[in-house]
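The values are calculated or read from the model by the stated rules, or taken from the named source; none is laboratory data. Keep in mind that what you see is a predicted model, and the values were worked out from it rather than measured. Virtual Cβ from ideal backbone geometry, glycine too; neighbours counted across all protein chains shown. Side chains are part of the model used for accessible areas, which takes the heavy atoms of the whole protein and leaves out ligands, DNA and RNA. Shrake-Rupley method; radii C 1.70, N 1.55, O 1.52, S 1.80 Å.
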Amino acid sequence: MRLKTLGVIVVTALALFTVFYWVTDPSRLVDRQSQASKDILAYGERVFANNKTDTSAAQCARCHGDDGKGGIVPGTKNTAPNLHSPSIAKKLKVNPDYVNLVIRFGGVVVSGNVNSDMPAWSTEVGGSLTVEQIDAVTALVTGWAQEAASQSQAPVANTPERGKQVYNSAGCVACHQPDLGGVAGTYPGLPTPPSGLAKMKADYAKDPKTFFTNWIRDSSNNYNGGTATGMPAFPESQLPNDQLQALITFLLIQKK
């Protein structure tokens with residue numbers, strides 16, 4: 001009788017433990033996931049930092065700034081883009097691997113320019129960063145971009161000053177440079193001249209604003225027969241019309 005009673009007690013205790021475990025396990029799983037996210041972001045900050053004493057550091061901050069908000073590429077007049085950018089978040093909606101691909105394979109992913117200041121970091125193409133390091137920096141930059149996109153965006157005023165801000169935040173400056181001079185030896189910052197150059201000139205002479213809209217929205221289809229120009233497309237989902245108009249206003253006053 002005592003053994004039966006003991007058996008009932010043991011079985012009941014195991015049942016209660018099982019119920020307790022399944023009830024509380026989701027919260028423990030959430031806690032573990034939260035801690036894992038914090039750990040990967042902390043590692044991403046280490047890799048990003050300009051810390052020559054840390055062997056994990058890739059020194060991304062040398063170009064992008066300690067806070068990731070952009071800076072001058074050492075030894076050049078070129079500007080590394082601000083990574084706290086809603087435009088990056090919009091590109092992530094189109095391609096969730098966008099940031100990871102840029103880190104792995106370099107600026108050629110963005111501009112088509114194999115001589116981009118942004119190198120390929122992945123060991124699979126001769127770079128120095130492991131999968132773990134790249135994943136950590138990807139998480140860090142993705143978080144910055146998504147946070148920037150989540151902040152309420154007031155309509156952009158159609159002024160040269162705001163257009164210059166768009167020029168920098170949308171990443172135009174990375175290829176076309178702060179002085180709009182482009183990459184030396186190429187047609188304005190592109191690897192090869194577009195096949196529709198004559199049409200470009202005619203459209204610009206007829207209506208500069210329409211030309212810039214066509215070029216920025218989809219240069220490949222509008223001026224190069226569908227072949228990539230090296231200038232990425234900026235549909236309205238990535239570059240809202242108010243930002244585009246301000247950018248065009250800024251570009252038009254640059255003509256000398």
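So is ALA174 of a type in the set (A, V, I, L, M, F, W, C) and in contact with a helix residue (DSSP H, G or I) (Cβ under 8 Å, 6 or more places away or on another chain) or not? It is true that ALA174 is of a type in the set (A, V, I, L, M, F, W, C) and in contact with a helix residue (DSSP H, G or I) (Cβ under 8 Å, 6 or more places away or on another chain).
Among all residues of the range 211-226, there is none that is open to solvent by 50 Å² or more (accessible area, probe 1.4 Å), in contact (Cβ under 8 Å) with a residue 12 or more places away in the chain and β-branched (Val, Ile, Thr). When you look at GLU132, is it touching a His at 6+ places or on another chain (Cβ under 8 Å), assigned to a helix (DSSP H, G or I) and exposed (fewer than 14 other Cβ atoms within 10 Å of the Cβ), yes or no? In short, no. Restricted to the range 47-67, and to residues there that are closer than 16 Å to ILE134 by Cβ and touching a residue at least 40 places away in the same chain (Cβ under 8 Å), the residue that is farthest from the chain's Cα centre (by Cα) is SER56.
The combined condition, being farther than 18 Å from VAL166 by Cβ, in contact with a helix residue (DSSP H, G or I) (Cβ under 7 Å, 6 or more places away or on another chain) and buried (at least 20 other Cβ atoms within 10 Å of the Cβ), is fulfilled by GLY230. Contact map, the range 139-160: residues that are within 30 Å of ILE253 (Cα to Cα) paired with residues that are basic (Lys, Arg) and part of a helix (DSSP H, G or I), Cβ distance under 8 Å, separation 6+ or inter-chain. Pairs shown: ALA149/LYS90; VAL156/ARG162. Note on the range 64-101: residues that are open to solvent by less than 60 Å² (accessible area, probe 1.4 Å), over 13 Å from ALA174 (Cα atoms) and not in a loop (DSSP other than H, G, I, E, B) amount to 11.
For the range 138-150, check the following and say yes or no: at least one residue is open to solvent by 30 Å² or more (accessible area, probe 1.4 Å) and more than 16 Å from the chain's Cα centre (by Cα). No, because not a single residue in the range 138-150 is open to solvent by 30 Å² or more (accessible area, probe 1.4 Å) and more than 16 Å from the chain's Cα centre (by Cα). Considering (1) surrounded by fewer than 16 Cβ atoms within 10 Å (Cβ to Cβ); (2) more than 13 Å from CYS60 (Cβ to Cβ), the lone condition that VAL109 does not fulfil carries the number (1).
Kindly evaluate LEU129 against the criterion of being under 24 Å from SER56 (Cα atoms), in contact (Cβ under 8 Å) with a residue 24 or more places away in the chain and in contact with an Asp or Glu (Cβ under 9 Å, 6 or more places away or on another chain). Write out each step before concluding.
Values: under 24 Å from SER56 (Cα atoms): yes; in contact (Cβ under 8 Å) with a residue 24 or more places away in the chain: yes; in contact with an Asp or Glu (Cβ under 9 Å, 6 or more places away or on another chain): no.
Here the answer is no, as LEU129 does not meet what is asked.
The sole residue among ALA136, ALA154 that is at pLDDT 95 or above and among the aliphatic types (A, V, I, L, M) is ALA136.
Of the residues making up the range 241-256, those that are surrounded by fewer than 16 Cβ atoms within 10 Å (Cβ to Cβ) and in contact (Cβ under 8 Å) with a residue 40 or more places away in the chain number 3.
Given the criterion at pLDDT 90 or above and part of a helix (DSSP H, G or I), identify the matching residue among VAL8, VAL47.
Values: VAL8 fails: at pLDDT 90 or above.
The conditions single out VAL47.
Selection over the range 132-152 of residues that are in contact with a Leu (Cβ under 8 Å, 6 or more places away or on another chain) and either of a type in the set (Phe, Trp, Tyr) or closer than 21 Å to ARG62 by Cα (or both) gives a count of 9.
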